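Asks: One structure follows; several queries about it will come next.
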Amino acid sequence: MKNTHKLLGAALLAAVGVSVAIPNTTKAAPDSKTGDGYIEFTRDGSGGTTITKPGDTSSIITNITGVENKLFGVLAITPLDFKSHKILSDGSGRTYPVKPFHANPGTTDPNKYPEFQQANFVKYRDDRSTLDHKYKLSGKITTNFTTTLANGTDTAELNGAEITFSDMSLKSIADPALRPAASALKAGPHVLKAKNGTVEANSVDFVVNDDPKKGRGDYELVFGDAAVANSAENAVKLSVPKETEIMHGKYKAVITWTLSDTI
């Protein structure tokens with residue numbers, strides 16, 4: 001019955017077609033306009049001048065000078081002090097552990113700048129505006145351990161000296177989603193060998209970040225843990241070959257750390 005009623009209605013409409021006006025509706029064409037949206041991001045102009053305890057922003061270190069506003073590169077390095085030792089000629093071991101870094105010695109404001117022992121570290125940054133954050137951090141002894149002799153003109157080197165790094169960690173306050181994969185930190189120990197005669201010093205990669213979407217932020221490559229007995233000391237050691245003659249005097253070397261976007 002329902003279907004029949006529909007058919008009849010259609011027939012009646014057809015019968016009076018000339019006397020019934022059917023509206024002719026035309027759809028309007030779509031009309032679009034655009035509006036702009038804005039946001040701007042700027043870099044923190046104070047970045048890079050303050051060095052803190054690795055993985056922590058509350059403990060400021062005043063006796064290391066950071067590089068100001070560097071977007072990509074090494075920001076700070078603790079000096080490696082292998083202490084003072086007596087010269088031994090009996091063939092005994094010539095391996096010397098490093099001193100932990102002494103932060104804020106003799107501070108006059110212990111609440112703001114506390115004095116503490118810290119494992120040695122290298123701090124670097126990648127804050128580039130780029131889609132590719134791949135990089136590597138490498139170390140090399142670029143100037144051998146050298147001392148000036150008593151006559152004031154002659155010098156002596158610790159030929160064949162080696163620095164061994166172990167028990168490493170990569171610390172940061174960066175968003176965990178931005179941090180390099182655990183595999184980016186290359187397993188040690190790593191040995192830096194000073195130039196020995198015609199044999200050039202070697203360069204060793206400590207961190208290799210091969211993920212273009214990871215690695216942005218500030219990071220510290222830390223050697224050992226000052227909170228664990230002897231950990232910071234044993235994480236960095238200097239070894240001198242038995243055949244190398246050691247002179248009286250204070251030796252100094254230069255260890256160069258390089259952050260490169262070529263891996």
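The numbers here are math on the coordinates, done by the rules we state, and not lab data. As the structure is a computational prediction, the values presented were derived from the model and not from experiment. Neighbour counts are summed over all protein chains in view; Cβ atoms, including those assigned to glycine, are modelled from backbone coordinates with ideal geometry.
Asks: Of the candidates 194, 227, 29, which one comes out as most mobile in a Gaussian network treatment of the chain with C-alpha springs shorter than 10 Å?
Replies: Result: 29 has the largest fluctuation of those listed.
Asks: List, in the order given, every pair from 112/140; 140/237; 186/250 whose Cα-Cα distance in the structure shown is over 26 Å.
Replies: Where the Cα-Cα span goes over 26 Å, the pairs concerned are 112/140; 186/250.
Asks: Once both axes come from the Cα atoms, what is the angle between helix 2-15 and the longest principal axis of the chain, in degrees from 0 to 90, rounded to 10?
Replies: With rounding to tens, the tilt is 60 degrees.
Asks: For residue 31 and residue 254 in one chain, what is 0.36 nm times their gap in residues minus the Cα-Cα distance, to one decimal in nm?
Replies: Contour length minus Cα-Cα distance gives 73.4 nm.
Asks: Scan around residue 120 for amide H atoms under 5 Å from its own, H built in the peptide plane at 1.01 Å from N, and keep only partners 5 or more places away or cross-chain.
Replies: For residue 120, the qualifying residues are 101, 223.
Asks: On to the next question. Under the Kirkwood approximation for Rh and a Cα-based Rg, what ratio Rg/Rh is obtained for the range 47-86?
Replies: 1.10
Asks: At a 10 angstrom cut-off on C-beta neighbours, averaged per residue, how do the peptides 96-103, 60-67 rank from highest to lowest?
Replies: Descending mean neighbour count gives 96-103, 60-67.
Asks: With Kirkwood's inverse mean 1/r over C-alpha pairs for Rh, give me the Rg to Rh ratio of the range 72-261, two decimals please.
Replies: A ratio of 1.01.
Asks: Order these by the 10 Å Cβ neighbour count, fewest first: 255, 263.
Replies: With the fewest neighbours first, 255, 263 line up as 263, 255.
Asks: Still on this structure, please answer the following. From the backbone phi of the range 235-250, what are the Karplus-calculated ³J(HN,Hα) couplings (6.51 cos²θ - 1.76 cosθ + 1.60, θ = phi - 60°) in whole Hz, Gly and Pro given as x?
Replies: Going residue by residue, I get 6, 9, 9, 9, 10, 10, x, 5, 7, 7, 6, 9, 9, 5, x, 9 Hz, with x marking Gly and Pro.
Asks: Which of the peptides 242-249, 70-77 is most tightly packed, and how do the rest follow, going by the mean number of other Cβ atoms within 10 Å of each residue?
Replies: 70-77, 242-249
Asks: For the range 204-215, what does the Karplus curve 6.51 cos²θ - 1.76 cosθ + 1.60, with θ = phi - 60°, yield as ³J(HN,Hα) per residue in whole Hz, taken in order and with x for Gly and Pro?
Replies: 10, 7, 9, 10, 10, 9, 9, 9, x, 8, 10, x
Asks: Let me ask something additional. Suppose only helical runs count, i.e. DSSP H with n ≥ 4. What mean residue ellipticity at 222 nm does that imply for the chain under -39500 (n - 2.57) per run, divided by all residues and rounded to the nearest 500 deg cm²/dmol?
Replies: -2000 deg cm²/dmol
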